[in-house]
Each structure stands twice: as C-alpha cells, then as structure tokens.
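Below is one structure, written out as structure tokens; the observations come after it.
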Amino acid sequence: MRWLYHFLFVTVAGWKIRDELTEHPPRYIVVVAPHTSNWDLFVGLAVRKLYPMGDVKYLAKASLFKPPFGWLFRAFGGYPVDRSKHNNMVDAVVDMFKRGEIDKITITPEGTRSYQPNWKTGFHHIARKANIPIILGCFDYPSKTAILHGPFPLTEDVDADIARLKDWFRQYTGRNPEDGIR
C-alpha cells in the first residue's frame, strides 16, 4: 500500500516531505497548522504512510464519525471529539498515553478549518501532563512540502508558547491562505 501513497502523493501530486526533526522520540503529539482544508487529512495520511512515524492517531470532530463514513475515519486512526460539550478530553488523552493505548497523536490547535485567532490549548495540557514532546507538522501547499519540525520546547506559559508556535507556523501557507495564521 505504501507504493500507492508514494505514486499518488509524490509522483502524481508532486509533494515532498522535509524532515527537520532533531530527534525522533518514541511518543509525541504532532501539532498541525495551519489547518485550512479537508485535503489536510489526506496529505496527513500520506505523510504518515510514507514517513517512518509509526501508528499516529488523530483527533477530529465527532460528526465525521457518524454513518455512513464514520468507520473509515476510525480505520484511519481517528478519535472523535464532541466539541459541543466539555468532556475532559485532555485527561482522556493523557490516560490513553499512560495506558499505552496511543504513543502518537495529531491535533490541530485551531480546531476548525476556518481562521481562528484563539487556538485550543488542550494539546499543550496533554503534552505537559503526559510528559511527552510536541512535534510540529505543516503542509505548505504552494511548495507542496510537508514539514516535520521539533521537538518544540514547552514552558508553563501556555499563551507565550502558542505565540511562539504561531510565529513558526506563519511562514507556511495552507490550501486556503485566507484561513491561515495571522
């Protein structure tokens, strides 16, 4: 199946993967931004298949996991998030890391594909509580480059860390630039 991803993603579509990781930790959270298109899922799945990342899961809105295609999102490694209520998702994901249910997960801090000035902070709390590093993932559509960078050092100052993250991600352009990081 890897050959199919390589053929479609690299040969046909012209994408490449740039590894800027200074280390390859066994457990981590991939923070992906800017998230501006449904196509990000397919690019992410191709990167996961082509780059030696292992079994990286992802969080996505719960409505994607309803019939008729919910089974497909689960098969691709997705975990539903019900954004309409506070359900202690941070502790649930931390527990999954502690139990060994997951070792790697992808989170989009914008929480939506449209422009969002205020990022969700759950990824930061999960990383600190589970004591796991953050890897930055970005899909730069103009250059057709998927970038993996990090680990990104976190501090106790969530707002300052998010400002530094936005500064780093701002150099890259999502599929829909008008919805990108400002």
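Relative intensity of region 64-155 on a log10 scale, I(q)/I(0) at q = 0.18 Å⁻¹, equals -1.06, per a Debye sum over C-alpha point scatterers of equal strength in the absence of solvent.
Take the cross-link list Lys16/Lys129; Lys66/Lys144; Lys57/Lys129; Lys66/Lys129; Lys49/Lys166; Lys61/Lys144 and give me the ones stretching past 24 Å between alpha-carbons. Table pairs above 24 Å Cα-Cα are Lys16/Lys129; Lys66/Lys144; Lys66/Lys129; Lys49/Lys166; Lys61/Lys144. The amide H of Tyr79, built 1.01 Å from its N in the peptide plane, has Tyr58, Leu59, Ala60 as neighbours under 5 Å, considering only residues 5 or more places off or on other chains. Per DSSP H run of at least 4 residues, take -39500 (n - 2.57); add these up for the chain, divide by its residues and hand me the 222 nm value, nearest 500 deg cm²/dmol. Rounded to the nearest 500, it is -8500 deg cm²/dmol.
In the chain, the convex hull through the Cα atoms has an average projected area of 10.4 nm², a quarter of its surface area.
Its residue count N fixes a reference of 2.2 N^0.38 Å for region 124-182, and the Cα radius of gyration divided by that reference is 1.22. Whole-percent P(r), region 1-95, all Cα pairs, 5 Å bins from 0: 3, 10, 19, 22, 21, 14, 7, 4, 1. Once backbone amide H atoms are built at 1.01 Å from N, Ile102 has Phe97 as its partners under 5 Å, excluding neighbours fewer than 5 places away on the same chain.
The numbers here are math on the coordinates, done by the rules we state, and not lab data. What you are looking at is a predicted structure, and each value in this text was computed from that prediction instead of being measured.
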